[in-house]
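Asker: Below is the structure I would like to discuss, written out as structure tokens.
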């Protein structure tokens, strides 16, 4: 007997980059896979979400979160190597980005209305960009 399709929705995403896979009510689940633009040498800015926290879960591979301290300017950049199956909740209005190994897959949970309009970006200086590269040497 075939199960009624209204009981269960099954989604997957195996291509490069970010893709929302399930939206429901006020929340969204997305997948982030490796992409060249997230190599440390290619990251030129950090982003924040002004209306929501954002949860990351490493499913496979390696991922490093970059967290920027400050409001209008970034005074310090920190890294957090993610461990598989732990939940990392980046708090509302915290500058962040990430870099991933080629085999990485990260699950993301966020508000469904998270968009470019409520997620400003801040350009990194040359010295900050250099620091990202130094912070990730030998980590990915």
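Rule-based calculations on the coordinates, nothing more; no lab input. Just so you know, these numbers come straight off a predicted model, no measurement behind them. Cβ sites come from the backbone with ideal geometry, for glycine too, and all protein chains shown count toward neighbours.
Asker: Take 66, 56 and order them by how many other Cβ atoms sit within 10 Å, fewest up front. The partial results should precede the final answer.
Answerer: Numbers: 66 24, 56 21.
Listing 66, 56 from fewest to most nearby Cβ atoms yields 56, 66.
Asker: Return, for the Cα atoms of the chain, the radius of gyration and Dmax in Å, separated by a comma.
Answerer: Radius of gyration, then largest Cα-Cα span, for the chain: 16.0, 62 Å.
Asker: Once you have a ≥ b ≥ c as the square roots of the Cα gyration tensor eigenvalues for the stretch 33-75, tell me rounded if a/c is under 1.5, and otherwise prolate or oblate according to whether a/b is larger than b/c.
Answerer: In terms of gyration-tensor shape, oblate.
Asker: Per residue of the chain, what 222 nm ellipticity follows from adding -39500 (n - 2.57) for every DSSP H run with n ≥ 4, rounded to the nearest 500?
Answerer: Mean residue ellipticity, 222 nm, calculated: -2500 deg cm²/dmol.
Asker: Angle check, please: helix 126-136 long axis (alpha carbons) against the longest principal axis of the chain (alpha carbons), in degrees 0 to 90, nearest 10.
Answerer: 60
Asker: Let me ask something else about it. When a footprinting reagent is the concern and you count Cβ atoms within 10 Å, what order do 52, 6, 99 take, fewest first?
Answerer: 6, 52, 99
Asker: If you don't mind, another one. Just 31, 64, 22 to compare: in a GNM of the chain, with alpha carbon springs under 10 Å, which one fluctuates most?
Answerer: 22
Asker: So for the pair residue 41, residue 92, with labels modelled 7 Å out along Cα→Cβ, what separation do we get in nm?
Answerer: Spacing of the two 7 Å Cα→Cβ label points: 3.9 nm.
Asker: In nm, give the distance between the simple-model label positions of residue 24 and residue 112, each being 7 Å from the Cα along the Cα-to-Cβ direction.
Answerer: 1.1
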